[in-house]
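The values are calculated or read from the model by the stated rules, or taken from the named source; none is laboratory data. Computed from a prediction, not measured in an experiment: that's the story for all the values here. Cβ placement follows ideal geometry from the backbone for every residue including glycine, while neighbour counts extend to all protein chains displayed.
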Amino acid sequence: MGQETMMKTVIFDFDGVIADSEIIALAELQVSLAEYGITVDWNTLLEKFLGASVKQIIAFAEARIDGPVDPDFQKDWYARLFERYRRELKPMPGAEAMLDRLDAAGIDYCIASGGSYKRLGVALQAIGFAERFEGRAFSAESVEHGKPAPDLFLYAAEKRGAPPADCVVLEDAIAGVTGAGRAGMRAIGFVGGSHLEGARSPHAERLRAAGAATVLTGLSGFEAAAFGAV
């Protein structure tokens, strides 16, 4: 890799980028919303909830039912979700090899996720990445405003000691690409997750429209897209 890469910090979204988890999380969220009489089709789930924090999801539900959700909404959703994570969750194909290459090149990286720290912890443990990301997996719980606000990306950069202009972000969510741009960071889109089967091309166009410099369908080409050198 070229010298330019040594100046960069990579900020990864987690769900749908490092872990192939969105197909599980969105399916279980769909069930939880249906319990309140809220019917949401798959395309709407992709549009509304990729990159969303629990606070944003609850706000959506409460607006739809014009009242509060049960205090156990998150607990019940997470109980089903975590059971499936422990049984089914896998890393995104190519994620481990990509992270190994970044480690070998001395390139810093971290996670900036709309999910809670509890959800991140369970998922990282399930895919065997907990030790690799110890101390560098950040949640929207740490900031006032989740994606598409820039807060979480700026928080992650500060924690890693990296100027925003020296960070590159890999995101599958429109909210994440938007937030990265607002933080002054270069964003690369990703559409390789199972949740985007049958919708990769239109979602890639939406990511580009939101500001993604390029969009990847797999992780093997990440370094070339991020740094222009391999």
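Within the range 88-119, the set of residues being of a type in the set (D, E, K, R) and either in contact (Cβ under 8 Å) with a residue 40 or more places away in the chain or over 21 Å from K8 (Cα atoms) (or both) comprises E88, K90, R101, D108, K118, R119. For the range 29-81, a residue qualifies if it is over 23 Å from T178 (Cβ atoms) and aliphatic (A, V, I, L, M), and the qualifying residues are V31, L33, A34, I38, I65, V69, A79, L81. Just one residue in the set E22, E47 is among the charged types (D, E, K, R) and either buried (at least 20 other Cβ atoms within 10 Å of the Cβ) or at pLDDT 95 or above (or both); that residue is E22. Filtering V122, V54, V40, V69 for residues that are outside the structural domain of V177 (by TED's automatic domain parsing) and touching a residue at least 40 places away in the same chain (Cβ under 8 Å) leaves a single hit, V54.
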